[in-house]
Amino acid sequence: MDALQREKNLLFELIRFKDWDREQLKILLEPGIQYPWLLGQLCFHRVGGVAFWVLEQSGLAANVNREFRNSLKTVYEMNRLKTGAYQANLARMGELFEAAEFPHAFLKGASLCCRLYPKGLRTSNDYDLLLAPKDISACEKLLKGAGFIQCFYRYGQKPQPATRQQIIACRMNRGETVPFLRKSGEPFMDYVEADLNFSLEEHAKGNLKVVPAMLEETETFLCEGRKISTLSRRDFLIQLCVHLYKEAVGFHWVKDGRDLSLYKFCDLYGLLWEEHSEEFLRSLGERILQFGFTKECYYALYTTCRIFPSLLDFPELKRFMEQRKPEDDGGLNRVIDRENGVTYRYQGDFLDWFFCGDRRSLLKEETD
């Protein structure tokens with residue numbers, strides 16, 4: 001048995017912010033837990049705030065090691081402050097985009113921080129927007145008029161303005177632009193970063209019908225009194241699935257250790273917990289087929305259900321997954337190096353290699 005299996009089981013219980021099991025948590029919290037390892041994993045995967053909130057809500061915060069609890073409490077409180085700054089800037093972005101004469105949708109954290117999570121559980125560092133390719137120039141003009149500059153930013157360094165050549169190359173070869181930055185003016189957030197996406201895929205030449213179709217069905221939510229445009233629930237879920245898949249199977253993401261993060265699976269878990277009706281899943285399935293994202297969505301939803309198996313207690317969702325199970329393994333263990341045309345495979349089960357600190361070392365090149 002894995003020497004850290006109990007810690008891994010406890011970690012998965014601590015991030016079930018929709019349906020924590022108090023009795024199971026009590027059993028797993030009996031003496032002998034390797035708290036330093038558990039704390040490191042929770043912080044690395046950006047779910048420390050979730051774990052503290054679950055401990056508080058379940059009434060078990062007093063049952064854990066004091067240093068562990070206090071560290072998580074600090075993470076949670078900092079998350080609340082950071083989310084406050086993020087939402088203040090999001091409201092300003094909403095005010096700016098009231099003047100936009102083109103359809104757009106704020107993705108990922110902008111909606112999730114405001115609508116899915118209690119404050120302090122989910123943070124975000126930037127503002128991802130989805131736009132039709134034809135509207136990128138108009139959006140760039142809007143952002144530049146508000147003081148944004150296209151820059152490359154690395155921690156500990158000053159933002160470096162992008163050259164015209166870099167800006168053109170990014171638009172031609174990727175599904176997004178060079179980021180737009182301006183000073184934040186809020187504590188705990190140095191810069192406001194806007195990332196403009198015009199393809200759900202990593203490259204610029206994906207299915208050109210997907211983004212315009214999604215932007216025809218946007219909805220809004222409120223952030224500090226400002227209306228923020230986002231995708232419909234089913235399209236929002238699809239976009240998260242495609243994004244998770246893109247990073248999970250991309251070799252350069254694996255190489256950089258940024259391929260799998262628990263907070264992304266938490267997002268999908270929370271959304272599926274709220275939206276799992278027969279009607280919603282039927283509509284979701286039709287949309288996935290329409291866009292041709294069957295492989296990407298199955299990968300993301302299957303792995304999410306491995307981490308959060310209680311989702312399959314919903315019979316509608318269990319049927320949905322069974323009906324879409326591929327005949328082979330669906331490429332669940334595959335990693336693709338598109339630049340060099342090489343495909344790799346992990347050996348073993350998803351949960352066997354999820355916690356490996358050097359997943360690249362586990363990859364085996366696939367041969368014909």
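Sorted from largest to smallest, which semi-axis lengths in Å does the alpha carbon gyration tensor of segment 1-91 give for its equivalent ellipsoid, taking the root of 5 times each eigenvalue?
Equivalent ellipsoid semi-axes, largest first: 25, 13, 12 Å.
With a 1.4 Å probe and every protein chain left in place, tell me how much accessible area Trp20 has, in Å² to the nearest 10.
80
How many nm is it between the label spots at Asp313 and Lys325, if each spot is 7 Å from the Cα in line with the beta carbon?
Computed distance between label sites Asp313 and Lys325 equals 2.1 nm.
When the distances between all Cα atoms of segment 74-146 are binned every 10 Å from zero, what whole-number percent does each bin get?
The calculated distribution, bin by bin, is 18, 47, 25, 10, 0.
Taking a temperature of 20 °C and a viscosity of 1.002 mPa s, what whole-number D in µm²/s does Stokes-Einstein yield for segment 221-332 with Rh from Kirkwood over alpha carbon pairs?
145
Using 10 Å bins from zero, what percent of all Cα-Cα pairs in segment 208-272 falls into each bin?
Pairs per bin, as whole percents: 19, 37, 34, 10, 0.
Calculate the FRET efficiency for Arg164 and Ile27 from the Cβ-Cβ distance with a Förster distance of 41 Å, rounded to the nearest 0.05.
My answer for the efficiency is 0.10.
What is the magnitude of the charge dipole of segment 1-133 about its Cα centre, with +1 placed on the Cβ of each Lys and Arg, -1 on the Cβ of each Asp and Glu, and no other charges, expressed in debye to the nearest 20?
260
From the gyration tensor of the Cα coordinates in segment 173-213, what semi-axes in whole Å does the equivalent ellipsoid have, largest first, with each one equal to sqrt(5λ)?
Result for segment 173-213: semi-axes of 29, 10, 7 Å.
Taking Cβ-Cβ under 4.7 Å as the only way to count a partner, pick out the unpartnered cysteines of the chain.
Lacking a cysteine Cβ partner under 4.7 Å: Cys43, Cys113, Cys114, Cys139, Cys151, Cys170, Cys223, Cys266, Cys305, Cys356.
Normalised by the residues of segment 92-216, what does the relative contact order come to in percent, with Cα pairs under 8 Å and at least six apart?
25
For segment 1-134, which whole-number percentage of the solvent-accessible area (1.4 Å probe, protein heavy atoms only) is attributable to carbon and sulfur atoms?
Values: 2790 of 5720 Å².
With neighbouring chains kept in place, the figure for segment 1-134 is 49 percent.
Name the aspartates and glutamates eligible as straight-distance cross-link partners of Lys183: C-alpha to C-alpha under 14 Å, and not fewer than 8 places from it in the same chain.
Here the aspartates and glutamates satisfying the reach criterion relative to Lys183 are Asp126, Glu193.
Can you give the accessible area per residue of segment 130-232, in Å², using a 1.4 Å probe?
58
Quick one: putting +1 on the C-beta of Lys and Arg, -1 on the C-beta of Asp and Glu, what dipole do you get for the chain around its Cα centre, in Debye to the nearest 20?
Result for the chain is approximately 920 debye, rounded to the nearest 20.
Which semi-axes, in whole Å and largest first, does the equivalent ellipsoid of the chain have when worked out from the alpha carbon gyration tensor as the square roots of 5 times its eigenvalues?
32, 26, 21
Which Cα, out of Leu42, Leu72, Trp273, lies furthest along the positive dipole direction of the chain (beta carbon charges, K/R +1, D/E -1)?
Leu72
Give me the aspartates and glutamates in straight-line cross-link reach of Lys18: C-alpha distance below 12 Å, same-chain residues under 8 apart excluded.
Here the aspartates and glutamates satisfying the reach criterion relative to Lys18 are Asp267, Glu274.
Could you work out the relative contact order of the chain, using alpha carbon pairs under 8 angstrom and six or more residues apart, expressed as a whole percent?
For the chain, the relative contact order is 13 percent.
Tell me the Rg and the Dmax, in Å, that the Cα atoms of segment 1-160 produce.
Expressed in Å, the Cα Rg and Dmax of segment 1-160 come to 20.0, 60.
The values are calculated or read from the model by the stated rules, or taken from the named source; none is laboratory data. In this text, all values refer to a predicted model and were calculated from it rather than measured experimentally. We place every Cβ from the backbone using ideal geometry, glycine too, and count neighbours over all the protein chains shown. Accessible surface is based on the protein model in full, side chains and every heavy atom, while ligands, DNA and RNA are left aside. Shrake-Rupley method; radii C 1.70, N 1.55, O 1.52, S 1.80 Å.
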